[in-house]
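First up is the structure itself, then whatever we jot down about it.
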C-alpha cells in the first residue's frame, strides 16, 4: 500500500478497523505480520488501512471459523490478482477447493461424537475398549502405555505402523 497522504476518508486507523471488524488490534497486527492484510503509513508513521481491509479481515475470520489454517488462507489471498480483496466469486472458488478438507474434518468429528461416550479421555491408547484411537487393542501388541496419540484423526495404527510412535 502506498504512503497515505492527507485524505483520510478512504482509510481506517487500526482502532477503526478493529471496531468495525470486531477483531482486536493485536490480531490485526498479527495478520499484517503474516501477510494477510497490509497498511500504509501517515507522515506521523501511523498505520492506515484501506476500507477493503474490512472484507479481507471478514474473509480471514470466516475461513478460520471453518477451520482453514492461516497458511492456506494466506495462499488463497496471494492467489488473487494484484492482492485484491476476495469477491463472492473468489470465495465460491476457494470454498470448492477447501471442500474435501472440510468434509474430512466433519467425518472425523462425527466419528468422534459417535464414539466419545466410550472414551474416558485419559490418553492411554492400550485400553482394549478404546474405540477412538485403538480399536481391538491393536497398539497393545507393541507394548504398554500410551503408544500413539494422533491429534488429527481417528485411525488407530496397527502393530507394524510406527509412523506416530
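Things worth noting here:
- Across all directions, the shadow cast by the convex hull of region 11-101 built on its C-alpha atoms averages 5.9 square nanometres.
- The order of 49, 31, going from fewest to most other C-beta atoms within 10 Å of their C-beta, is 31, 49.
- Going by neighbour counts of Cβ atoms within 10 Å, the residues 30, 59 line up, fewest first, as 30, 59.
- Panel order for 80, 54, by other beta carbons found within 10 Å of each beta carbon, from fewest to most: 80, 54.
- Computed label-point distance, nm, for sites residue 51 and residue 108 using a 7 Å Cα→Cβ extension: 4.1 nm
- Sites residue 96 and residue 26, calculated FRET efficiency, Cβ-Cβ separation with R0 41 Å, nearest 0.05: 0.80
Bear in mind that the values in this text are calculations on the coordinates, not laboratory data. What you see is a predicted model, and the numbers here were worked out from it, not measured in a lab. Cβ: placed from backbone, ideal geometry, glycine included. Neighbour counts: every protein chain shown.
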